[in-house]
Structures are given as structure tokens and as C-alpha cells.
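Chemist: What follows is a single structure, and I will ask about it in a moment.
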Amino acid sequence: MDLLSKFLAENSHIRFADSDSPDFADLRSAFVINATKKPSLIIRPRSAEDISSLVSILTANDIPFTIRGGGHDMFGRSQVDDAVTIDMREICHVHVDQALQTARVGGGIISMNLLKELEKYQMVTPHPVTSTVGYVGWAIHGGYTLLSTKYGLGVDQIVGATVVDANGNICEADEKMLTVIRGGGGAVGVIVEAKIKIYPLDQVLAGAIIFQPSGLVTAFRDFNTNFQQAKQDGFPPELGIYRFIMNGPMGKTLTVLFLWASSDIEEGQKWLSTVSSWGPVGMSTVTPTTVAVFNEMTNSLVPSKVYGTIHALPFRTLTPELVDVICKHAPLQPNHPEVLFGIHELRADAPMSSKGSVFNARQAHVVIQIMPMTGSLETLDETIAWGQSFNDALLETDAANRLPCSYIPLTPTKDLDFKGVYGGKYETLREIKAKLDPDNKFEYALVQI
Ligand SMILES: Cc1cc2nc3c(=O)[nH]c(=O)nc-3n(C[C@H](O)[C@H](O)[C@H](O)COP(=O)(O)OP(=O)(O)OC[C@H]3O[C@@H](n4cnc5c(N)ncnc54)[C@H](O)[C@@H]3O)c2cc1C
């Protein structure tokens, strides 16, 4: 019996599945169906000790392995054909320290489950726009969020981590290791537990403003003009806005996720009136609520599994030239409910310091996301073709407005230029990686130096 089989036989508390197991298909399934790989074995550790033993056995025997959290990598990179998947989803605890405003969260916690647990303490933390995403996988690579102007990005929340390193040792990350984890992801270890900042917030004003489908182009242009003007005049940090175009029950609509992150609901209502005046509103679900309930609503707007891919391009600002391209291509998006177009924005009023982190895109910018996704293989080609021509048109716009980086989780590995992504932080990352994982044991982490 090989060492891995012996270890699994002796540790019956660790569940695992191979291709003959009844739950294999379910366990390996991920958000993007056509990128889902077929690992040799899916192993579900339950503790740091389990992972430590696993990493030691796998590396000593040259068995390739990947780390999987929420399975939302758009290119399916958390699993590799014929490699072992270390599936973190059973390490999903949340321990809250209300007094210190921190929480210790398991490396496999799903963002929505974290938000629900924090709600019991009337606390919140920044989270992805769709909270079916794995929390750690989101936070360690950057972490765009509707709460960035108030609290910072996902990477900025990480204040500690328990890690299994390249030697299989369990360690508390020191400042050097934390610097790499904050933006370099799993490049130097498996994050068993992250210690993160949390914030008291019992109520928010939040929901979706769905503009009327007729005149989509005019609605997008008008909204954007007003948005840019209001931004120049000064937005409060409590206001988070995510613009996207979806195929909803009313047709193809500009939909705006509105999150007023303060219990001063009266002030929030003023901003809601302002934002709602930027176009003809067809329907609004914005109401006093909690962050967890708001996220349940936003998750219902996004499918749980899709065929497709993503194009994500960071620009300094949404110029009239970009708006023209969007207004030409977005209305042509195929009519499936899964296809989406959206804009993440890091505003100039967000906390921008990258001290103690290698995440380098700290100037104000937008990430334009084209999501050619569909529920059926039959419509995949046409959907992909739409996304490609939209992306090509964006690439032809003024190069000086492009940021010299890409957002790693939303960019295929072949297009990643890590020197461009990390800029002045590249050498720091390279040096720490060379010290902590000289033999590149974590060869399937998203960040490869
Ligand atoms: C529907 C959807 C919505 C999204 N929304 C946002 C958003 O609002 N903001 C944003 O910034 N991004 C967003 N993303 C991108 C998402 O944050 C990243 O793809 C993220 O890496 C997914 O994490 P995961 O754990 O779900 O995925 P997985 O595929 O399980 O993991 C991705 C990678 O993360 C690493 N990883 C995960 N957990 C660990 C761990 N415990 N230790 C070490 N490495 C680990 C591994 O290298 C793995 O390959 C979204 C993606 C989707 C599909």
C-alpha cells in the first residue's frame, strides 16, 4: 500500500473520494462546468494536522496537488486532471472576538456562511459581490467588494494566518509570510485559518435598483455621467455601488447594487434618492436590511453553475471611449439569464496603502468584467464569440488608460504577466517565495513566480 493510501486508511475521520466514489461528481463540480477538471483523488482534511501530514506525504512522493476552497475560479484552476485536490470545505469554522473586532475563519469557509455567522454578533466584514465564493480564495488575491471605501479590500482585512508551509509545518504566519498571502494568495502555503478584521454594523440600506429595459444605452450613459459627476463632488465612504447589465425578467437591464453601509438609514435614503434619479427606475428592492440578507438577494441574481468564461480588464477610469464600446456591445449580449456584464470599482476615497501587502493595484480604477456565461452547451459558442469581440473592442481603446496589471483570479494564466501585476512589489514577492518555497511545492497556486 502506498503511503498516501496508508495514511487515509489510518485516518478514517478524513473523507476522500476517487472517480469510483458516488460523491465524486458532486465534490469535483465547480462554478464553471466546462473548466471542471478530474482529479485523481479529492481529500477533505478537517484540521491543520491533517493538512500538514498530507502536504508532507504528497511533496515527499512528488504527487501533484491543488488547494480548493469555494470552487469559483473562473478557469477551474483549483483542480488539475490526475492531481490530488485538497478540498478545504470541511474547515469552515468562524470564531468571533467581538471585543477585538476580529474573527478566525477556516480556510474553506464560503463567504455567505461567514456573513450569516457574523450577523449573529451584528458584525460585518468586506465580502465578494456574489458571496457563494470561497472567502479565503477571494481575500488572498485582492478582494474587490462593495465595502472597499469604508473598510478596504479583502487583502486588507487579513491580520493573521495559520499556514501549512512547503515543509508541511504548521506555522503562524509572520509579517513576511502575511505580506505574500495578502495578494500572493496560496503561493507559499495552505491557509488553514485566516484571522480577519470585522466591524460592528447592525443595519444597512441595500438592494438592487433595476432601471427600465427600454433605452438601455441611454440609461447606461446617463447613469454613468451622473455617477462620474457625483464622484467628483464626493461620495461618502458608506456608499458602495456595483453596476451590471443582466437579462432579467424585465428584459436586458442596467441593474445597480446599492449598499449604504451605515445604520444612519435616513442619510442613506438621501443617497438612494440621488442614485435613483440617474435613470428611469423600473423596480427597486432597496430596503433597510442586514448585509447577510442583502447577500442572499444578490446571490439569487447569479446562477450557481455555468458554462463559459470571463474577460476582466482594469482601466484607470471609465472614459467616454469605453462607455461607447460598452454601449455598442453590452446590448448585443445573448439573451440567456446567465450572461452578465459588470464593473468593479476601487474609488479614490478607498484606503489605498499597500503596506504589508503585495497587492499593487491601489490607485483608483475600474475592472470591466465581461462574463460570457450560459446554462447550456448549445449556446456556448455564440456566447463566447460575443464576449471575445467585446473584449477585443475594449483592447483597442486608449492604451494609456489601461492599468499595467491584471486581476489574477479573473485572468487566464497564459495572459498573466506577474511583473506587470505586482509592479514595485514583484521583487518582494519573489524574494519571500524563494525563501519560503524554494522548490515551488505550491506549483498549482494561482501566483507563479
Ligand atoms: C460568481 C463569481 C463572483 C465573484 N465575485 C467577485 C468579487 O465580487 N470580487 C472579487 O474580487 N472577486 C470575485 N470573484 C473572483 C473570486 O474571488 C476568485 O475567483 C476566488 O479566487 C475564488 O475563490 P474560491 O475559493 O471560491 O475558488 P477556488 O477555485 O476554490 O480557489 C481558487 C484558488 O484560490 C486558492 N485558495 C483557495 N483557498 C485557499 C486556501 N485556504 N489556502 C490556499 N490557497 C487557497 C487556490 O490557489 C485556488 O486555486 C468572483 C468569481 C465568481 C465566479
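The values are calculated or read from the model by the stated rules, or taken from the named source; none is laboratory data. All of these numbers come straight from a predicted model, not from anything done at the bench. Please note: Cβ atoms are built from the backbone with ideal geometry, for glycine as well, and neighbour counts cover all protein chains shown.
Chemist: Checking Cys405 against (1) within 15 Å of the ligand (Cβ to nearest atom); (2) within 25 Å of Lys355 (Cα to Cα); (3) modelled with pLDDT of 95 or more; (4) within 22 Å of the chain's Cα centre (by Cα): exactly one of these is not met. Which one?
Modeler: (3)
Chemist: Further question: Please work out which residue is nearest to the ligand (Cβ to nearest atom), limiting yourself to the stretch 15-32 and to residues that are within 16 Å of His72 (Cβ to Cβ) and surrounded by 16 or more Cβ atoms within 10 Å (Cβ to Cβ).
Modeler: The selected residue is Phe31.
Chemist: Restricting to the stretch 254-293, and then to whatever is in contact (Cβ under 8 Å) with a residue 60 or more places away in the chain, surrounded by 18 or more Cβ atoms within 10 Å (Cβ to Cβ) and more than 27 Å from the chain's Cα centre (by Cα), can you tell me which residue is nearest to Tyr144 (Cα to Cα)?
Modeler: The selected residue is Gly279.
Chemist: Next up: Quick one: in the stretch 294-341, which of the residues that are within 26 Å of Glu238 (Cα to Cα) and part of a loop (DSSP other than H, G, I, E, B) is nearest to the chain's Cα centre (by Cα)?
Modeler: Val302
Chemist: If we scan the stretch 65-80, do we find a residue that is away from the ligand (no atom under 11 Å from the Cβ), surrounded by fewer than 20 Cβ atoms within 10 Å (Cβ to Cβ) and in contact (Cβ under 8 Å) with a residue 40 or more places away in the chain?
Modeler: no
Chemist: Still on this structure, please answer the following. If you check Ala434, Ala361, Ala400, which single one turns out to be in a helix (DSSP H, G or I), at pLDDT 95 or above and in the same structural domain as Arg243 (by TED's automatic domain parsing)?
Modeler: On the way: Ala434 fails: in the same structural domain as Arg243 (by TED's automatic domain parsing); Ala361 fails: in a helix (DSSP H, G or I).
Just one listed residue meets the conditions, Ala400.
Chemist: Something else now. Please work out which one of (1) of a type in the set (Gly, Ala, Ser); (2) buried (at least 21 other Cβ atoms within 10 Å of the Cβ); (3) assigned by TED's automatic domain parsing to the domain that holds Ile265; (4) part of a helix (DSSP H, G or I) is the condition Ala208 fails and give its number.
Modeler: The failed condition is (4).
Chemist: Name the pairs whose Cβ atoms lie under 6 Å apart, with the first residue in the stretch 120-137 and outside the structural domain of Phe31 (by TED's automatic domain parsing) and under 19 Å from Ile191 (Cα atoms), the second near the ligand (Cβ under 7 Å from one of its atoms) and in a strand (DSSP E or B), and 6 or more positions between them or separate chains?
Modeler: Val136/Ile191
Chemist: Also, quick follow-up: All but one of (1) within 12 Å of the ligand (Cβ to nearest atom); (2) touching a helix residue (DSSP H, G or I) at 6+ places or on another chain (Cβ under 8 Å) hold for Ala83; state the number of the condition that does not hold.
Modeler: (2)
Chemist: A further question follows. Out of all the residues in the stretch 57-84, which are small (Gly, Ala, Ser) and out of contact with any strand residue (DSSP E or B) (no Cβ under 9 Å at 6 or more places or on another chain)? Outline the logic, then answer.
Modeler: Here is the first cut: in the stretch 57-84, the ones small (Gly, Ala, Ser) are 60, 69-71, 76, 78, 83.
Correct list: Ala60 only.
Chemist: What strands (runs of 3 or more DSSP E), lying completely within the stretch 1-92, carry at least 2 residues that are out of contact with any Pro (no Cβ under 7 Å at 6 or more places or on another chain)? Full working, then the answer.
Modeler: On the way: elements: 15-17, 41-44, 65-68, 84-87.
Output list reads 15-17, 41-44, 65-68.
Chemist: Within the stretch 323-350, take every residue that is more than 16 Å from the ligand (Cβ to nearest atom) and within 14 Å of Lys150 (Cα to Cα) and give me the one that is surrounded by the fewest Cβ atoms within 10 Å (Cβ to Cβ). Explain how you work it out, then say what you get.
Modeler: Start the filter on the stretch 323-350 by keeping residues that are more than 16 Å from the ligand (Cβ to nearest atom), which leaves 323-335, 348-349.
After this cut, where a residue has to be within 14 Å of Lys150 (Cα to Cα) as well, the list is 348-349.
Values: Ala348: 13, Asp349: 16.
Per the criteria, the residue is Ala348.
Chemist: Go through (1) under 22 Å from Leu146 (Cα atoms); (2) at pLDDT below 95 for Met297 and report which single condition fails.
Modeler: Here Met297 meets the rest and fails (2).
Chemist: Filter the stretch 97-115 down to the residues that are of a type outside the set (Gly, Ala, Ser) and farther than 23 Å from Ser78 by Cβ, then identify the one that is farthest from the ligand (Cβ to nearest atom).
Modeler: Within the stretch 97-115, the subset of a type outside the set (Gly, Ala, Ser) is 97-98, 100-102, 104-105, 109-110, 112-115.
Cutting the leftovers down to farther than 23 Å from Ser78 by Cβ gives us 97-98, 100-102.
Numbers: Asp97: 20, Gln98: 24, Leu100: 22, Gln101: 22, Thr102: 18 Å.
Ranking the qualifying residues of the stretch 97-115, first place goes to Gln98.
Chemist: Give Ile67, Ile14, Ile42, Ile51 a once-over and let me know the one that is closer than 25 Å to Val129 by Cα and β-branched (Val, Ile, Thr).
Modeler: On the way: Ile14 fails: closer than 25 Å to Val129 by Cα; Ile42 fails: closer than 25 Å to Val129 by Cα; Ile51 fails: closer than 25 Å to Val129 by Cα.
That would be Ile67, the only listed residue that is closer than 25 Å to Val129 by Cα and β-branched (Val, Ile, Thr).
Chemist: Looking at the stretch 400-425, I want the residues that are without any contact (Cβ under 8 Å) to a residue 12 or more places away in the chain and have a partner that is part of a helix (DSSP H, G or I) and not small (Gly, Ala, Ser) with Cβ atoms under 6 Å, at least 6 apart or on another chain. Which pairs are those?
Modeler: Close Cβ pairs (under 6 Å, with a partner that is part of a helix (DSSP H, G or I) and not small (Gly, Ala, Ser)) amount to Lys419/Tyr426.
Chemist: Still on this structure: Looking at (1) over 29 Å from Ser304 (Cβ atoms); (2) assigned by TED's automatic domain parsing to the domain that holds Thr298, which is the one condition that is false for Leu216?
Modeler: (1)
Chemist: Any idea which residue in the stretch 103-129 is farthest from Val159 (Cα to Cα), counting only those that are among the hydroxyl-bearing types (Ser, Thr, Tyr) and crowded, with 20+ Cβ neighbours inside 10 Å?
Modeler: Residues of the stretch 103-129 among the hydroxyl-bearing types (Ser, Thr, Tyr): 111, 121, 125.
Of the ones still in play, those that are also crowded, with 20+ Cβ neighbours inside 10 Å are 111, 125.
Details: Ser111: 17, Thr125: 13 Å.
Filtering first and then ranking leaves Ser111.
Chemist: Suppose we filter Lys425, Lys414 for residues that are among the basic types (Lys, Arg) and over 15 Å from His141 (Cα atoms); which single one remains?
Modeler: Within the list Lys425, Lys414, the selection yields Lys414.
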